[in-house]
Amino acid sequence: MVGGRPRPLPRADRRRRDPHGVRRTSDGALHVAAPRLARARPDAELLASWWDQVRDAMAVMARLGYAHGDLSPYNVLADDDRLVIIDLPQVVDLVANPLGTELLLRDCRTMAAWFAARGLDTDADELFATLLAQAW
């Protein structure tokens, strides 16, 4: 209660999860969420593998005519050697949305910049061109 009035529990409490990503399931087991890519510190080999995974995932979406629209290291989970892209409900239709290609380019630049900042040779414009070619 706040000021004598009931208030909803914080979102993490409503899902039986603490703010650190630990979740207790109905069987009582504890599960820890994979960390976001933004917090990961991979070695060079893993970094290259993750870049390939990001490019492949973006290519699948582009072939289907979509861009994530808000792809960033905060919307990618690093589950050991595997990446998982999250927050897909806001995907953007590349054709129907007038900003579709701009959002795809932003996704490319954001992800390429993160990987480049960690020492991987990336080219956002090349990725963008490749994805556009696959979309049409």
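The values are calculated or read from the model by the stated rules, or taken from the named source; none is laboratory data. Nothing here was measured: the structure is a model prediction, and the numbers come from that model. Cβ: placed from backbone, ideal geometry, glycine included. Neighbour counts: every protein chain shown. Only protein heavy atoms, including side chains, enter the accessible area calculation; ligands, DNA and RNA are left aside. Shrake-Rupley method; radii C 1.70, N 1.55, O 1.52, S 1.80 Å.
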request  = Just name the residue that is nearest to M61 (Cα to Cα) out of those in the stretch 120-136 that are open to solvent by 50 Å² or more (accessible area, probe 1.4 Å) and in a helix (DSSP H, G or I).
outcome  = Q134
request  = Output the residues belonging to the stretch 42-86 that are in contact with a His (Cβ under 9 Å, 6 or more places away or on another chain) and either open to solvent by 80 Å² or more (accessible area, probe 1.4 Å) or of a type outside the set (V, I, T) (or both).
outcome  = A57, M58, M61, N75
inquiry  = Which count do you get for residues in the stretch 48-73 that are under 12 Å from the mean Cα position of the chain (by Cα) and among the β-branched types (V, I, T)?
reply    = 1
request  = Filter the stretch 87-119 for residues that are open to solvent by 40 Å² or more (accessible area, probe 1.4 Å) and not in a helix (DSSP H, G or I) and give the result.
outcome  = D87, V91, D93, V95, A96, N97, P98, L99, R118, G119
Qualifying residue in the stretch 76-84 (condition: in contact with a strand residue (DSSP E or B) (Cβ under 9 Å, 6 or more places away or on another chain) and at pLDDT below 70) = no
